[in-house]
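Shown next, in structure tokens, is the structure this report addresses.
The values are calculated or read from the model by the stated rules, or taken from the named source; none is laboratory data. Treat the numbers as computed from the prediction; the structure is a model and nothing was measured. Heads up, the Cβs are rebuilt from the backbone with ideal geometry, glycines too, and the neighbour counts pull from every protein chain shown.
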Amino acid sequence: MGREFELKYRADSDTLDQISSRFGPFDTISMETDYYDSPEGALRARHWMLRKRLENGAAVCTLKTPLPGGSRGEWEVSAPSIEEALPLLLAAGCPGELEDLARPGLLLWCGARFTRLARKVSCADSVLELALDQGVFLGGGQEQPFAELEVELKEGTEADCRTFAQTLAGAYGLVPEEKGKAQRAFALAEQRQERL
């Protein structure tokens, strides 16, 4: 199991352009993400996130689960579909409960399409990934634009990650984003259901 620790901030295009100019060059990654759940929403009820993402055309399937302290358990496999990914995720050590939760079938509920500018940065003795994301959430036949910045710990300490992220947020007036992309995409899909 990987352990993910990241901090997210809301931004706008102009601010991301400024940060890109300051920290460039960046790698550019085209992201197409589909989020899955059982028909009754069993994964979301546990605050789990199951997705298939195309990263510059390469398919990666991921399960994330909450851990204490704001970090997340993360299992990631290469697979062309979420159905083919399930046994691989289980073999990689994700919670066995996933098999039972997926038994009624998995539905594609919502998604996100965005461009990520990413690069590694150093803070003290730690290595972080700085990611600048711009695109749209897709759900319930609707699109909702977003722009955000993520700082993810790759190696080192959470304290270094917080220091770097908070310093950057202070310098550019960034607002913390408490909800992940999946939560916001699911919320968009649910808005549509509530109106029906």
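In the stretch 30-88, which residue that is polar (S, T, N, Q) and farther than 16 Å from Ala182 by Cα is surrounded by the most Cβ atoms within 10 Å (Cβ to Cβ)? If you could, list the steps in order and put the result at the bottom.
Within the stretch 30-88, the first condition is being polar (S, T, N, Q), and the residues that meet it are 30, 33, 38, 56, 62, 65, 71, 78, 81.
Then drop every residue that is not farther than 16 Å from Ala182 by Cα, which leaves 30, 56, 78, 81.
Details: Ser30: 13, Asn56: 11, Ser78: 11, Ser81: 11.
Checked the stretch 30-88; the qualifying residue surrounded by the most Cβ atoms within 10 Å (Cβ to Cβ) is Ser30.
In this structure, is Ile19 among the β-branched types (Val, Ile, Thr) and over 18 Å from the mean Cα position of the chain (by Cα)?
Details: among the β-branched types (Val, Ile, Thr): yes; over 18 Å from the mean Cα position of the chain (by Cα): yes.
In short, yes.
Could you say whether any residue in the stretch 27-40 is modelled with pLDDT under 95 and under 14 Å from the mean Cα position of the chain (by Cα)?
So far as the stretch 27-40 goes, no, none of its residues is modelled with pLDDT under 95 and under 14 Å from the mean Cα position of the chain (by Cα).
Quick one: which strands (runs of 3 or more DSSP E) sit completely within the stretch 1-62 and have at least 1 residues that are touching a residue at least 40 places away in the same chain (Cβ under 8 Å) and farther than 17 Å from Trp109 by Cβ? Break it down stepwise before answering.
Numbers: elements: 2-4, 6-10, 27-37, 49-55.
Output list reads 2-4, 6-10, 27-37.
Out of the stretch 124-163, which residues are surrounded by 20 or more Cβ atoms within 10 Å (Cβ to Cβ) and over 30 Å from Glu190 (Cβ atoms)?
Leu128, Leu130, Leu153, Cys161
Which residue is nearest to Glu155 (Cα to Cα), if the candidates are limited to the stretch 32-73 and must be of a type in the set (Lys, Arg) and touching a Leu at 6+ places or on another chain (Cβ under 9 Å)?
First pass over the stretch 32-73, keeping only residues of a type in the set (Lys, Arg): 44, 46, 51-53, 64, 72.
Add one more test, that the residue is touching a Leu at 6+ places or on another chain (Cβ under 9 Å), and what stays is 46, 51-52, 64.
On the way: Arg46: 28, Arg51: 24, Lys52: 25, Lys64: 19 Å.
Residue satisfying both the conditions and the ranking: Lys64.
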